[in-house]
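Everything on this sheet refers to the single structure shown next.
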Amino acid sequence: MLLDLPLVLETRRNHALEHASIHLLSQKHPGKRMAGHSNPTGFFLLGDVPTQDVWESVTEAHARLNADESGLAIHPGCGTNLATTALLSATFAWFPLRGAKSTLWRILLIPFALLFALVGFNLSRPLGPWLQKHVTTEADLGNMQIVDVVPLRKGVHRVITK
């Protein structure tokens, strides 16, 4: 299966570790803005937090995911949720407008487009987390190891895994 190809699977596992780490860092640093970006060799963590806290959170996140706390792999701020919401809302809004030939018809159909967009938005709410769980993250880290946490500059850490 495509999701189990080595580079894809490693990225999904790192994405899960990224989310779990951000969950734990958010508890230590409430109100701090954080983000991440995963790839097959680890992830970047964006947020002005001490390197020691990143190490501790990544290590704890790794242990907790390995102890079957798979819920830590799902994060409400994930780009998967944002992309799902935007795509479904825009697609549903497009449906009533797609056949309109004139500008007047398009204007008259705007309320229907907005109503359809709301339907798409509501459908995206459970779909985004479902996609995280089944497609964009893999909470089973297998034999993944944390190699290093490298501060690149203020507010940016590179977490390296293998």
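Things worth noting here:
- Of all aspartates and glutamates in the structure, the ones whose alpha carbon falls short of 13 Å from that of residue 162, not counting any fewer than 8 places away in one chain, are 10, 148.
- Neighbour counts of other Cβ atoms within 10 Å put 44, 112 in the fewest-to-most order 112, 44.
- Choice from 50, 30, 129 showing the highest fluctuation, given a GNM over the chain with Cα pairs closer than 10 Å: 30
- Based on the reciprocal of the average 1/r between different C-alpha atoms, the Kirkwood radius for the stretch 1-57 equals 11.9 Å.
- Based on C-alpha pairs under 8 angstrom that are at least 6 apart in sequence, the stretch 70-162 has a relative contact order of 32 percent.
- Here the stretch 79-131 is described by how far its Cα atoms reach on the three principal axes: 38, 14, 13 Å, from widest to narrowest.
- For the stretch 82-120, the set of trypsin sites (Lys or Arg not before Pro) satisfying both a DSSP loop assignment and a count of at most 13 other C-beta atoms within 10 Å is given as 98, 101.
- Equivalent ellipsoid semi-axes, the stretch 26-85, via Cα gyration tensor eigenvalues times 5, rooted, Å: 18, 16, 13
- Relative frequency of Cα-Cα separations exceeding 26 Å in the chain, percent: 38 percent
Readers should treat all values here as calculations from the given coordinates under stated rules, not as data from a laboratory. All values reported here derive from a predicted model rather than from experimental measurement. As a convention, Cβ positions derive from the backbone with ideal geometry for all residues, glycine included, and neighbour counts pool all protein chains shown.
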